[in-house]
Amino acid sequence: MADSGRVKHDSPSSSPGPGRKKAQQSPGSKVRYSVNAPGHCFRKVTLTKPTFCHHCSDFIWGIVGFVCEVCNFMSHEKCLKHARTVCSCMAPTQVQVPVAHCFGPAGQKKRFCCVCRKHLEGSSALRCEVCELHVHSDCAPFSVSDCRFCHQDGGLCYCHMVFFLTHHPLLSSDILAGMRCEWCGITAHASCYIIIPPECSMGRLQNMILHPSCVRICSRNFSKMHCYRISENSHHSEMEIPAGRIFVGPKREHVRGNRGRKETLKVFDGDDAAKRNQFRLVSIPRMIKNEEVVEASLRAFYIPDEPQDYELQSYSQQGLFTDDIINRNGTPDNKPIFKDTVSDSWVLRSKPKETEVGFTMSYPFISYPSSVQRQVLSGQEILLEKLQEIRKTSLRQMNQTRFYIEESRNRVAQVNLLLGGFPTQLEKEEYTHLLSEHLSVKSHLVTVTHVYSEQGAVVLQISCFSEAERIYMLAKDTSISSKQLYSLVIPEIMQSKLAKGSCPLLVFVNPKSGGLKGREILYSFRKLLNPHQVFELTSGGPLPGLHAFREVPHFRILVCGGDGTVGWVLGVLESIRHKITCPEPAIGIIPLGTGNDLARVLRWGVGYSGEDPYNILLSVDEAEEVQMDRWTILLDAQEMTEDGKENGFLEPPKIVHMNNYFGLGIDAELSLDFHHAREVDPDKFNSRFHNKGVYVKVGLQKLSHTRNLHKDIRMQVDKHDVELPTIEGLIFLNIPSWGSGADLWGSDSESRFGRPRIDDGMLEVVGVTGVVHMGQVQSGMRSGIRIAQGSYIRITVNKPIPVQVDGEPWIQSPGQIIISAAGPKVCMLRKSKTKQKKQSGSLKEGRSDSPAPSDGGQ
């Protein structure tokens, strides 16, 4: 990219330069250096602080370095001829099929922008939810659309392309250097990258990753945020810049005029940017050639073309001060936006060609502009006119446009939408009537393929893209029986294409658990796995994920949340077990709740404390499958007479499922008070430490209260009456952990009781005498009062009493409570006792081995 190879062009009438035709050379012109990596324009600089080379990552000794004026790539002089990293302005040309990023707010870790290579600071940083690309918010429109291919888009198949290897710069502690595969994690220097085999093995997690060739989704008319079910209230899938937003680009100070005097130009790259008032600031000296001004403007928009093919036209000369752009930013009185500063506002234009050939195509083209929107040209549409239209709209958009040719075939659209929020326990015909009444669905385009009456949800197969988009958006604004509907785009998993022996992992994340940790885990798993196998529970619950995996013959489930979240997933899984192919998907846990008793028993830890998500996935892959009992509790409230006899029904029977424990009395009363405190101010309950502190507080308030629970209830265990001791609380244990890890049953052996196990088909019945006794159990000083063991328990309650099931409390009316086994046992994952070898750098070395450095590509 040396100046010697360029044709100089001077045109004072059409450029904002000072108009010195006879100037042979700009006073501040710099010597530029040509390199093998395309797009870079290096100049020698004096270093004023410690700097590292972006090619070899070594420290640059001395005070002389070489920096690219476009992307800030820094290099040794000796590394210039070996540099292989493409400049940001040329990176879009290396992408065969663009895939848009899904940007959301970045985390707190120190990162670098992949466009300008500078540190990300402040709240304006963004990151892609799928591939970890980090950018400044101002640089996001200039990022390369090279996100991961995670599915086949309807009838378009990219299997012949190398879409498994999506490499992005490797973020080191000091510089932005190297490449890393976003699937297998292999890392390499930029010069070593060319010797890596093009086929990706998917790395150590290949058996649990849902292969992209096995997923199909018709994403036309839907953004990536919709396809990946990313919550709209916390993320932004597309860069919607409000009118009047100023893009402040890197100041181009590579040319210094006399006395250092400079002026700043506002440059638009087309009509669309002018209408939206989105411009770049270009700083130039007072004495400069016209061609150099054009070149600086091209660099501001990361356009790698030669400057002699472009010109800068004054903003007032474009005829843009018409009604279609006036007052876009709220300017009063219909005055031009830059009427008083016309000389500082310019539009970058492509010069018209002297000879241009137009032709028509009898078969459709597919265009991918920078926004990655697909357009199909009609059979007689002139391609040249389309190019000219895009070029006039935006030069940057034109620079990223791709054209593809394919056989014209009549493909039938097939969009799968899951709609939920309907009344439960209805028939298919009743759901069809509700769809017709509230959403006005067109029966000839929409088919109800699945009905989940217990969850109040249906799955629609729609054969028209516009109809699918209409139903999707309308459902979000529709309520039935005062309940808001929700709609989700569901991917289709082609089980016939799954590799033999594969066991993909279905991940459920509750982002409300564990404070902000749930959100970070959600982001990490979207990055490590296929986003189509990671589901956010706040968007429709577990049903969308289980429906998507219904035909997968063998898969595992990872639940990221508290014990209540695990019970939620188990409940939905039990209700639709007969509709899925996998008979018993094993379930692992990442503990994000307060107590996490089930996770403790299964060795997943007391709570998530920032462990490497990749190592967690390795532990899930190596975990052993164990069986666990699950219990059904029938609460049959009945009105009781004074003599304790039943006298008719008070309310309909209630059935709940229990996984951990069931409590009556003081234990449930503390849980109820905690629940009420959390409902008053839920934002404060975002840490385990605070939650336990509230438990202690409500417990101290109950010290002076006296309850005689043994006088208010009667109990039968396996049809035998059991006499209760003097207690204030009664607890039924399915697992040997209660109240955040306490051993309520105790470890001492007793001849009349067997050793508790989670799969023995028995419940342990334990009593506590009060708050002080519970505190002693929590501290390990005492255990509970052992009362019985059994598989069928019947309790008669004589007056209203607090009860809780797995931490969910309420006041239970008098009546009968029956506890029995809930059908087949559930399959859980227990972490292996053997410690994982810690991988140094985890993502850097643990995911796969990087190739040894060689001379290839040097």
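The values are calculated or read from the model by the stated rules, or taken from the named source; none is laboratory data. Computed from a predicted structure; not experimentally measured. A quick note on method: Cβ atoms are made from the backbone with ideal geometry, for glycine too, and the neighbour counts reach across all protein chains shown. Note: areas computed on protein heavy atoms with side chains; ligands, DNA, RNA excluded. Shrake-Rupley method; radii C 1.70, N 1.55, O 1.52, S 1.80 Å.
Computed values, structure above
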{"read-out": "Index of the failed condition, Q627 passing every other in (1) at pLDDT 90 or above; (2) in contact with a Leu (Cβ under 8 Å, 6 or more places away or on another chain); (3) of a type in the set (S, T, N, Q)", "value": "(2)"}
{"read-out": "Top-ranked residue in the range 425-449 [being of a type in the set (S, T, N, Q) and outside any helix (DSSP H, G or I); ranked as most open to solvent (accessible area, probe 1.4 Å)]", "value": "Q425"}
{"read-out": "Residue selected from the range 450-490 under the condition surrounded by 21 or more Cβ atoms within 10 Å (Cβ to Cβ) and more than 16 Å from G540 (Cβ to Cβ), by the criterion farthest from the chain's Cα centre (by Cα)", "value": "I462"}
{"read-out": "Single unsatisfied condition, L763 versus (1) under 17 Å from R707 (Cα atoms); (2) among the hydrophobic types (A, V, I, L, M, F, W, C); (3) touching a Gly at 6+ places or on another chain (Cβ under 9 Å)", "value": "(1)"}
{"read-out": "Counted residues, the range 62-80 - those being within 22 Å of A188 (Cβ to Cβ), in contact with a Lys or Arg (Cβ under 9 Å, 6 or more places away or on another chain) and open to solvent by less than 20 Å² (accessible area, probe 1.4 Å)", "value": "3"}
{"read-out": "Those residues of the range 264-288 which are charged (D, E, K, R) and not in a loop (DSSP other than H, G, I, E, B), in sequence order", "value": "K266, D271, D272, K275, R276, R280"}
{"read-out": "Filter result (modelled with pLDDT of 90 or more, closer than 20 Å to A586 by Cβ and open to solvent by less than 20 Å² (accessible area, probe 1.4 Å)) within the range 791-849", "value": "V826, C827, M828, L829"}
{"read-out": "Complete set of residues in the range 635-645 that are assigned to a strand (DSSP E or B), modelled with pLDDT under 80 and of a type outside the set (D, E, K, R)", "value": "A637, Q638, M640"}
{"read-out": "The range 600-611, residues that are of a type outside the set (V, I, T) and either touching a helix residue (DSSP H, G or I) at 6+ places or on another chain (Cβ under 7 Å) or surrounded by fewer than 17 Cβ atoms within 10 Å (Cβ to Cβ) (or both)", "value": "R603, G605, G607, Y608, S609, G610, E611"}
{"read-out": "Residue in the range 345-358 that is over 30 Å from L460 (Cβ atoms), modelled with pLDDT under 80 and buried (at least 19 other Cβ atoms within 10 Å of the Cβ) present", "value": "no"}
{"read-out": "Residue check, R707 of a type in the set (K, R), at pLDDT below 90 and crowded, with 16+ Cβ neighbours inside 10 Å", "value": "yes"}
{"read-out": "Pairs, first at pLDDT below 85 in the range 660-688, second open to solvent by 20 Å² or more (accessible area, probe 1.4 Å) and of a type in the set (K, R), C-beta under 6 Å, six or more apart", "value": "F685/R678"}
{"read-out": "Condition check for G540: open to solvent by 10 Å² or more (accessible area, probe 1.4 Å) and touching an Asp or Glu at 6+ places or on another chain (Cβ under 8 Å)", "value": "no"}
{"read-out": "K799 basic (K, R) and under 20 Å from N659 (Cα atoms)", "value": "no"}
{"read-out": "Qualifying residues in the range 285-316 (those that are over 22 Å from C71 (Cα atoms) and among the basic types (K, R)) - the one most open to solvent (accessible area, probe 1.4 Å)", "value": "R286"}
{"read-out": "Failed item in (1) buried (at least 21 other Cβ atoms within 10 Å of the Cβ); (2) out of contact with any helix residue (DSSP H, G or I) (no Cβ under 9 Å at 6 or more places or on another chain); (3) at pLDDT below 85, with Q96 passing the rest", "value": "(1)"}
{"read-out": "A243 vs. criteria buried (at least 17 other Cβ atoms within 10 Å of the Cβ), on the phi < 0 side of the Ramachandran plot, at pLDDT below 85 and assigned to a loop (DSSP other than H, G, I, E, B)", "value": "no"}
{"read-out": "Count of residues meeting criterion [closer than 19 Å to L730 by Cβ and open to solvent by less than 70 Å² (accessible area, probe 1.4 Å)] in the range 751-787", "value": "22"}
{"read-out": "Residue that is least open to solvent (accessible area, probe 1.4 Å), among those in the range 646-659 that are modelled with pLDDT of 80 or more and not in a loop (DSSP other than H, G, I, E, B)", "value": "M658"}
{"read-out": "Residue list for the range 566-590, filter: open to solvent by 10 Å² or more (accessible area, probe 1.4 Å) and either farther than 12 Å from C827 by Cα or within 23 Å of the chain's Cα centre (by Cα) (or both)", "value": "G567, W568, G571, V572, S575, R577, H578, K579, I580, T581"}
{"read-out": "Every residue from the range 197-225 that is at positive phi and open to solvent by 20 Å² or more (accessible area, probe 1.4 Å)", "value": "N221"}
{"read-out": "Exclusive hit being touching a helix residue (DSSP H, G or I) at 6+ places or on another chain (Cβ under 6 Å) and either under 26 Å from P38 (Cβ atoms) or modelled with pLDDT of 80 or more (or both), set G178, G185, G104", "value": "G185"}
{"read-out": "Yes/no for I390 being under 30 Å from E311 (Cα atoms) and modelled with pLDDT of 80 or more", "value": "yes"}
{"read-out": "Residue that is charged (D, E, K, R) and under 13 Å from Y228 (Cα atoms), where the choices are E492, E551", "value": "E492"}
{"read-out": "Unmet criterion (only one of (1) closer than 21 Å to S219 by Cα; (2) open to solvent by 70 Å² or more (accessible area, probe 1.4 Å)) for K512", "value": "(1)"}
{"read-out": "Search result, residues across the range 81-93 that are farther than 21 Å from F403 by Cβ, in contact (Cβ under 8 Å) with a residue 60 or more places away in the chain and open to solvent by 20 Å² or more (accessible area, probe 1.4 Å)", "value": "H82, R84, T85"}
